[in-house]
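The values are calculated or read from the model by the stated rules, or taken from the named source; none is laboratory data. Since we're looking at a predicted model, the values are computed, not measured. So basically every Cβ, Gly included, is an ideal-geometry build from the backbone, and we count neighbours across all protein chains shown.
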Amino acid sequence: MESKPNRILNVPEVKRMKKVALIGIPNTGKTQIFNNLTGEYNIVANYPGTTVEMRRSVTTINNKHYEIIDTPGLHCLYIHSEEEIAVRDMILAEAPDIIVQCIDASQYKQSLLLTAELLELETPMVIVLNSMDEATRKGVWIDSEALEGMLGVAVVESIASRGLGKEEIKDAIGHARKGALDLKYGAAIEQSIIELASELPFDLEFKYKIASLLLLTDPFVEKFLEKKYGAPRAALIHLETNKIRRQLKGNIRQVFIDRRSRWVDHIASLVIRKQKMTYQGFSYHFTRASRDPFWGIPIFLVFMAVVYLSVVYISGALDKFLDLLLVFPVTGLISSFPLPPFWKDLLIGDYGILTLGLFNAIGTVLPILSVFFFIFGCFEDSGYITNFTVFSKRVFAKIGIPGNAVTSLVLGFGCKTMATLSARSLTVPKEKFIAVFLIAFAIPCSAQLGISMAILAKVGISAFLIVFAMLGFCEMGAGMFLNKIIKTKEASSFIQVIPPMRFPSMKAVFRKTYHRVTDFLQEALPIFLLSAAGLFVFEKTGLLNLIKQMLTPLIVGWMGLPRDIVDVFLLAFARREAAAGLILKMVNAGALNYIQSIVAVVVTTISFPCVANVTAIAREMGLKTAIAMTAMIFISSFILAGALNWALVFMIGR
């Protein structure tokens, strides 16, 4: 292969900032290593799909500047999903100067298959054997020095979650070198690759690798060439590829798979030792039980009970503490000032920027989210979430959702926007549409879920059960309806990387909680204040009362809610947490009865996808689809909420 040309013209090579791409299969610790190298913080979780877009940051190593690129998971360079397209296209287009491959030392074989492909790029590499502690617990021992000698690149042992190995990785990046790959596909295939590589454009990077992908009929590499060189040149390459491929006999792809598998087995036999007998402790048995059809249900219910009780009692205590520390003293102080009524209403009235804005965010919503984010972070880092997706995939399969979409749906309980973006890995349009719709429909995000639990706890455990039974019914019903009316013959395969169950690091969970809380305050607090100010203006101009009069037949007559619930709906357009916080205030004030509390939580959960989620839908599905989907959800929510109201009235009375 030809040497790599300088990609930035008129700039001396010594002054050009080098790019370092962190590459690896899902859930190998790339984001944690990115955080360690750059000093930044991005959410890290013990399940695949956490990183859905590439992140970039500049850091200094040995007085030299490097651009570090964190990438989504990549199984191989033969592409299976849109996320993988983005990663491979970045590699092919930007030709990073150094590739750092992150390998989970306890699950090494699939990573070594990717190693073989990355070595074929002939780019300086560093291999990071991450999660060495997990490997030790599983009885896996890897001779990193022998592996380094066989591959010709630096191999660094790491426990990224504890920051161990960070300095060694930095040093290896500063001295990264090209590796050596003793892997051949047979004389005929090798000659065909070389012949096709000679026909590729002179300035194209990675000719050998691209030629092999063309021979394998990779569905996206030709699109990359067409985008880079234009349709006429890509068409000529296509003709030449077909001409050379016709000269080969047998299943070319199977030859590649067999040769790489044998290479991996050979490497593993020389550098990896595994105990025949390993201790199968609590983690092993609990992991199996959490996926079991029988034991999975009670384990899930226990986890839900932990969340419910924590939100009810711990956040309730924090709420009272903040009221005594902040809310009551400030409102009392302002009330004592001889201010004109207008200014008092603006600050501490029903729609005051302090009472409805600041104190609603800090005094009502923040305690609940802090507790919920901490508990959710423990679940993430324990590995339970991925095991729950395996347990629940049987249910979702009945509504046309494949196994690899279940992770996206479960991610929706954390952040619906990230969950929607992660659905880009679904290659079948029907499956992708159903998954994106269900994420936006009746799944509450973590912020709303925590506050909804606090609301329903004020009413009783039966309200909690009714609400989530209703949301589950809506989700299943919508999925089965869409599965029935959308016809397709395509179906995707299910590949799920299952991380180990482990006791979460409290330091990591506290740090994650801190960043989620501060992100919430930075993003939501201005919206809380502006929303309160907007409602204040609406109320003073009489527009709010007009809206309430117009919506009375729908709100009061159909859904059985008080007219003031319109305030909640208007806040929900801006921020769902603000709306949920106001519902909680209304429940505490006795403005909502048992049935109204249930209906209010259901309708706000379903009806208002947040702006960020709608934007993500438009990005993944197109603007027209996003508008149509949002309208369907909005209309359905009011129909379902009214039906629920009258069903409850019929069963238990007003």
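If you go through the stretch 169-181 one residue at a time, do you hit one that is more than 33 Å from the chain's Cα centre (by Cα), in contact (Cβ under 8 Å) with a residue 60 or more places away in the chain, surrounded by fewer than 19 Cβ atoms within 10 Å (Cβ to Cβ) and not assigned by TED's automatic domain parsing to the domain that holds Asn27?
yes
Residue check: is Gly363 assigned to a loop (DSSP other than H, G, I, E, B), touching a helix residue (DSSP H, G or I) at 6+ places or on another chain (Cβ under 7 Å) and either closer than 30 Å to Phe510 by Cβ or at pLDDT below 80 (or both)?
No.
Quick one: which of Thr625, Thr615, Thr630, Thr604 is among the β-branched types (Val, Ile, Thr) and either outside the structural domain of Ile434 (by TED's automatic domain parsing) or in contact with a Lys or Arg (Cβ under 8 Å, 6 or more places away or on another chain) (or both)?
When all the criteria are applied, what remains is Thr604.
Quick grid of which residues meet (1) farther than 20 Å from Ile555 by Cα; (2) part of a loop (DSSP other than H, G, I, E, B); (3) more than 31 Å from the chain's Cα centre (by Cα); (4) modelled with pLDDT under 90:
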{"site": "Pro609", "(1), (2), (3), (4)": "no, yes, no, yes"}
{"site": "Ile627", "(1), (2), (3), (4)": "yes, no, no, no"}
{"site": "Met632", "(1), (2), (3), (4)": "no, no, no, no"}
{"site": "Ile635", "(1), (2), (3), (4)": "no, no, no, no"}
{"site": "Leu640", "(1), (2), (3), (4)": "no, no, no, no"}
{"site": "Ala643", "(1), (2), (3), (4)": "no, no, yes, no"}
{"site": "Leu648", "(1), (2), (3), (4)": "no, no, yes, no"}
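May I ask you to list pairs of residues, at least six apart or on different chains, whose Cβ atoms are under 9 Å apart, with the first in the stretch 470-487 being more than 21 Å from Ala600 (Cα to Cα) and the second being among the charged types (D, E, K, R) and modelled with pLDDT under 85?
From the stretch 470-487, the pairs are Gly479/Lys398; Met480/Lys398; Leu482/Lys430; Asn483/Lys398; Asn483/Lys430; Ile486/Lys430; Lys487/Lys430.
Conditions first: (1) farther than 18 Å from Gln191 by Cα; (2) free of Cβ contacts under 8 Å to residues at least 12 places away in the same chain; (3) of a type outside the set (D, E, K, R). Gln254 passes all but one, so which condition is the exception?
Looking at each condition in turn, Gln254 falls short on (1).
Leu74: part of a loop (DSSP other than H, G, I, E, B), farther than 24 Å from Gly165 by Cα and of a type outside the set (D, E, K, R), yes or no?
So Leu74 does not fit the description; no.
Suppose the filter is closer than 19 Å to Lys30 by Cβ, modelled with pLDDT under 90, of a type in the set (Gly, Ala, Ser) and surrounded by 21 or more Cβ atoms within 10 Å (Cβ to Cβ); does Ser161 pass it? Steps first, please.
Values: closer than 19 Å to Lys30 by Cβ: yes; modelled with pLDDT under 90: yes; of a type in the set (Gly, Ala, Ser): yes; surrounded by 21 or more Cβ atoms within 10 Å (Cβ to Cβ): yes.
Criteria met by Ser161.
If a residue counts only when it is surrounded by fewer than 17 Cβ atoms within 10 Å (Cβ to Cβ) and in the same structural domain as Phe376 (by TED's automatic domain parsing), which helices (runs of 4 or more DSSP H) contained entirely in the stretch 197-302 have at least 3 such residues?
Filter on the stretch 197-302 gives an empty set.
Of all residues in the stretch 327-361, which are more than 25 Å from Glu577 (Cβ to Cβ) and either surrounded by 15 or more Cβ atoms within 10 Å (Cβ to Cβ) or of a type in the set (S, T, N, Q) (or both)?
Passing the criteria: Ser335, Ser336, Lys344.
Residues that are farther than 28 Å from Met17 by Cβ and among the aromatic types (Phe, Trp, Tyr): find the strands (runs of 3 or more DSSP E) completely inside the stretch 79-151 holding 1 or more of those.
It comes to 140-142.
Any chance you could count how many residues in the stretch 121-159 are touching a residue at least 24 places away in the same chain (Cβ under 8 Å), among the acidic types (Asp, Glu) and in contact with a strand residue (DSSP E or B) (Cβ under 6 Å, 6 or more places away or on another chain)?
2
Given the conditions (1) of a type in the set (Gly, Ala, Ser); (2) assigned to a helix (DSSP H, G or I); (3) over 19 Å from Gly316 (Cα atoms); (4) in contact (Cβ under 8 Å) with a residue 40 or more places away in the chain, report the number of the one that Ala578 does not fulfil.
(3)
If you take the residues of the stretch 12-71 that are of a type in the set (D, E, K, R) and in contact with a Ser or Thr (Cβ under 6 Å, 6 or more places away or on another chain), which of them is modelled with the lowest pLDDT? Don't jump to the end; show me each part of the working.
Just the residues of the stretch 12-71 that are of a type in the set (D, E, K, R), to begin with: 13, 15-16, 18-19, 30, 40, 53, 55-56, 64, 67, 70.
Narrowing the set further to residues that are in contact with a Ser or Thr (Cβ under 6 Å, 6 or more places away or on another chain) leaves 40, 70.
Working: Glu40: 80, Asp70: 91.
By that ranking, first place goes to Glu40.
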